[in-house]
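Visitor: Just passing along the structure, written as structure tokens.
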Amino acid sequence: MMKKVKRSIFKNLFINLDKEENWLNNMCKNGYALRDISNGYYIFEPCEPGNYIYRIEFLKQEIYQNEKDSYLKLLQELKVEQIASSKRWHYFRRDSSLGEFEIYSDIDSQIEHYKRINFIWYMLALIFIASGLSQNFFFGNISQFDLILNIILIIIGSFFLTLAIPLTRKVTNLKKENTLYK
């Protein structure tokens, strides 16, 4: 029996990669394998508990279609299946009987991946916070509606900062760890 789980707007906009991966892997441990993401829903199918390991990747924007196709073909050769994609986010799984499954097995590629994601969070935070503050500083006399709108923009920007700051710490820790092994 198929199971559909609604993706909330917060899940779509304020994604936490590690939490989402853990949730997908826990769903699989409970006997539900992700089959697709469609029209705002995660679609699961029954499976043997723990049958798959899931990973999510945020691909580079400048990657060309032929590079992307080559990369996906390489993953297929490694017995990795692409389950779904949403813009630059790609969802992969591999049979757990094949052993550990990490897309980024070395520290340098992990750092690069997290920096790609973090760049987006910081840019969105900057755009929303700057938009919210600019009208207050440049136009001292603003209406109550504009003030509320600006506060909302600042709050949205702050949410993006709450995603960026922990990732910055993670990148810093990975860099420290990387220097220990070199």
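Throughout, read-outs are computed from the coordinates displayed, never taken from laboratory work. Computed from a predicted structure; not experimentally measured. Ideal geometry is used to build each Cβ from the backbone, glycine not excepted, and the neighbour counts take in all protein chains shown.
Visitor: D for the stretch 103-182, whole µm²/s, Stokes-Einstein with Kirkwood Rh over alpha-carbon pairs at 25 °C and 0.890 mPa s: what number?
Guide: Here the translational diffusion coefficient equals 171 µm²/s.
Visitor: Turning to a different aspect of this structure: Can you tell me the orientation of helix 144-181 relative to the chain, as the angle in degrees between its alpha-carbon axis and the longest Cα principal axis, to the nearest 10?
Guide: Taking the Cα atoms of the chain, the angle to 144-181 is about 50 degrees.
Visitor: At a Förster radius of 45 Å, what calculated FRET efficiency corresponds to the Cβ-Cβ distance of residue 178 and residue 145, to the nearest 0.05?
Guide: Result of the calculation: an efficiency of 0.35.
Visitor: Here is a follow-up. In terms of Cα to Cα distance under 20 Å, which aspartates and glutamates are near enough to residue 170, apart from those fewer than 8 places away along the same chain?
Guide: Partners found: 18, 20, 21, 57, 102, 106, 108, 112.
Visitor: Under 13 Å Cα-Cα from residue 6, which aspartates and glutamates qualify once same-chain neighbours fewer than 8 residues away are excluded?
Guide: Within the straight-line cut-off, residue 6 pairs with 36.
Visitor: Quick check: residue separation of residue 116 and residue 79 times 0.36 nm, minus the Cα distance between them. What number comes out in nm?
Guide: Length gained, residue 116 through residue 79: 10.8 nm.
Visitor: Also, quick follow-up: Which label marks the calculated value of semi-axes √(5λ) of the Cα gyration tensor in Å, given the options [x] 35, 22, 15; [y] 29, 18, 14; [z] 22, 19, 17?
Guide: Checking each listed value against the structure points to [x].
Visitor: Compute the long axis of helix 107-138 from its Cα atoms, compare it with the longest principal axis of the Cα atoms of the chain, and write down the angle in degrees, 0 to 90, nearest 10.
Guide: 20 degrees
Visitor: Once you've got the GNM for the chain with C-alpha springs shorter than 10 Å, pick whichever of 96, 70, 85 has the biggest mean-square fluctuation.
Guide: So, out of 96, 70, 85, the one fluctuating most is 70.
Visitor: Further question: Relative to the first principal axis of the alpha-carbon coordinates of the chain, what is the inclination of helix 17-29, with its axis defined by its Cα atoms, in degrees from 0 to 90 and to the nearest 10?
Guide: That works out to roughly 40 degrees.
Visitor: Turning to a different aspect of this structure: So which chymotrypsin sites (Phe, Trp or Tyr not before Pro) in the stretch 107-182 are both in a DSSP loop and have at most 16 other Cβ atoms within 10 Å of their Cβ?
Guide: 139
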